[in-house]
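In what follows, a structure is listed as structure tokens, so that the remarks can point back to it.
The values are calculated or read from the model by the stated rules, or taken from the named source; none is laboratory data. Here the structure is a predicted model, which means the values were calculated and not measured. With ideal geometry, Cβ positions are generated from the backbone for all residues, glycine too; neighbour counts draw on all protein chains shown.
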Amino acid sequence: MAAIRKSGGVVPFFWQGKIVDPRNDEFAEHLSLQRFRTIENAASEEVSIGWVTPADPTGDNFSPEELDGGIGTWLRFRIDKKSMPMKWLQIHRDAAEKARGKKLSAKERRELKDDLMDQLLPRVLPTITLVDALLFEERKTVLLFATSKSAKEAFGKLFFETFSLQLEPADPLQSGLRSDLSEEDKRTLERVNPIRWPNTALEQGQWRPVPVAAAAPPNTERPVEQNPGEAQSPQPQASPETATATESTEHEA
């Protein structure tokens, strides 16, 4: 029997707007429109992403009972990827070069790869990944039981294609605003929320911050040595009248 994994990271998402009641048949119909479709017999490198149910990993059947996760609605989607194993390609390339007695040209290697893909890909089984999520319709919250960038992007795209709602990753502000805080506390959260000033040059990789120590000019002056515990006092400067009188005395002498 299928089960939600009991360890690993969880990524929460929020959405704005109204979603179909998961207890109705209409919710299951929305999932079935974006159900998983197999690429087992595909003759090309492909990726297939779609909804399945915990009871049926093929994506052929959907019903509200199969989506019951106890505290929430149990969503599951499947990601299949079919690609040519590089080991097989290398083996056939080595055999062709050995039979010919010389290296294959770039054109010949490309033609060999195309021929192998037509022959072998229909026999290659795709890799399968099943990802779970728990949806809480009243809270407008969904917990994704995966933390990889590819899984988060695939889930967000599939959710939007299914319900026409954009998922928003949870952050401290959104989590606080959706909690049981008072209206005054929520206004305080909005007021103290930091705003990052966009830096176009930094985002484009054209600028890098310089450490303060590296940016400061070197101190070329030699510090004045003094005894420990003895404070350095400023040297008195002579006034213009005193400097003129001193120069006159030196001249007469």
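Considering (1) basic (Lys, Arg); (2) in a loop (DSSP other than H, G, I, E, B); (3) modelled with pLDDT of 95 or more, the lone condition that Lys102 does not fulfil carries the number (3). Check Thr162, Thr147 and return the single one that is among the β-branched types (Val, Ile, Thr) and part of a loop (DSSP other than H, G, I, E, B). When all the criteria are applied, what remains is Thr147.
Just one of the listed residues (Leu135, Leu120, Leu125, Leu116) is modelled with pLDDT of 95 or more, over 18 Å from the mean Cα position of the chain (by Cα) and aliphatic (A, V, I, L, M), and it is Leu135. Taken across the range 36-46, residues that are exposed (fewer than 15 other Cβ atoms within 10 Å of the Cβ) and either part of a strand (DSSP E or B) or in contact with a Phe, Trp or Tyr (Cβ under 6 Å, 6 or more places away or on another chain) (or both) do occur, with at least one present.
Here is the figure for the range 86-101: residues that are touching a residue at least 24 places away in the same chain (Cβ under 8 Å) and either in the same structural domain as Ile39 (by TED's automatic domain parsing) or of a type in the set (Val, Ile, Thr) (or both) total 0. Which one is farthest from Arg76 (Cα to Cα), of the residues in the range 17-44 that are basic (Lys, Arg) and without any contact (Cβ under 8 Å) to a residue 40 or more places away in the chain? Filtering first and then ranking leaves Lys18.
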